[in-house]
Amino acid sequence: MIKNQNIIDQLNGLLSDYQIFYQNLRGFHWNIQGKNFFELHVKFEELYTETNVKVDDIAERILTIGGTPIHNFQDYLDTAELVPVKNVHDDETAVKTIVSNLEKIIIKEKAIKEAAGAVDDSGTEDQMSAFVEEQEKTLWMYKAWLK
């Protein structure tokens, strides 16, 4: 067994969640309607672009520590905690889904950070710290939009 197998497994779970999150965001971007269309169409594109970078970063981290990133949609669906959504056209449902997804992702990232720290995997620990810091701010902004 690979020394970091637990971390690899957790990162693959996170990778799966990010892939579902990414596809949810693409759907929101494509399908948003209503008075907030112009604002949210742009914001959703920004968020899915950032998410796509994180997908690559996580996969590369898995490779760096000796693992293989999962890389097909059935494995993502089988492994992810997040749930794919479809036919979301209204702003409030889209933003509430983003908030819920980010909350779950942040919890997972904090757990990975803690597990990585326990096995002296400072690279993974640092990566998760950076992700959490950025996403907590994003989460705050989307929650503020909902008020």
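The values are calculated or read from the model by the stated rules, or taken from the named source; none is laboratory data. Quick caveat: nothing in here was measured; it's all calculated off a predicted structure. We place every Cβ from the backbone using ideal geometry, glycine too, and count neighbours over all the protein chains shown.
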Lone qualifier among Phe28, Phe38, Phe44 - being in contact (Cβ under 8 Å) with a residue 60 or more places away in the chain and in a helix (DSSP H, G or I): Phe28
Selection status of Glu50, closer than 21 Å to Ile20 by Cβ, surrounded by 14 or more Cβ atoms within 10 Å (Cβ to Cβ) and charged (D, E, K, R): yes
Residue in segment 8-25 that is more than 20 Å from Asp78 (Cα to Cα), in a helix (DSSP H, G or I) and either touching a Leu at 6+ places or on another chain (Cβ under 9 Å) or in contact (Cβ under 8 Å) with a residue 12 or more places away in the chain (or both) present: no
Residue in segment 36-44 that is of a type outside the set (Asp, Glu), surrounded by 15 or more Cβ atoms within 10 Å (Cβ to Cβ) and within 16 Å of the chain's Cα centre (by Cα) present: yes
Positions within segment 50-78 being part of a helix (DSSP H, G or I) and either farther than 20 Å from Arg26 by Cα or of a type in the set (A, V, I, L, M, F, W, C) (or both), in sequence order: Val53, Val55, Ile58, Ala59, Glu60, Arg61, Ile62, Leu63, Thr64, Phe73, Leu77, Asp78
Qualifying positions in segment 120-147 - surrounded by 14 or more Cβ atoms within 10 Å (Cβ to Cβ) and touching a residue at least 60 places away in the same chain (Cβ under 8 Å): Asp121, Thr124, Gln127, Phe131, Thr138
Selection from segment 58-92 of residues that are charged (D, E, K, R) and either touching a His at 6+ places or on another chain (Cβ under 9 Å) or surrounded by 13 or more Cβ atoms within 10 Å (Cβ to Cβ) (or both): Arg61, Asp75, Glu81, Asp90, Asp91
Residue match in segment 93-101 (condition: crowded, with 19+ Cβ neighbours inside 10 Å, out of contact with any Leu (no Cβ under 6 Å at 6 or more places or on another chain), within 16 Å of Leu15 (Cβ to Cβ) and not polar (S, T, N, Q)): no
Residues that are in contact with a helix residue (DSSP H, G or I) (Cβ under 7 Å, 6 or more places away or on another chain) and of a type in the set (D, E, K, R), drawn from segment 105-147: Lys108, Glu109, Lys110, Lys113, Asp121, Glu125, Glu136, Lys143
Some residue of segment 1-8 being charged (D, E, K, R) and at pLDDT below 95: yes
Selected residue (only one of Asn87, Asn101 is at pLDDT 95 or above and on the phi > 0 side of the Ramachandran plot): Asn87
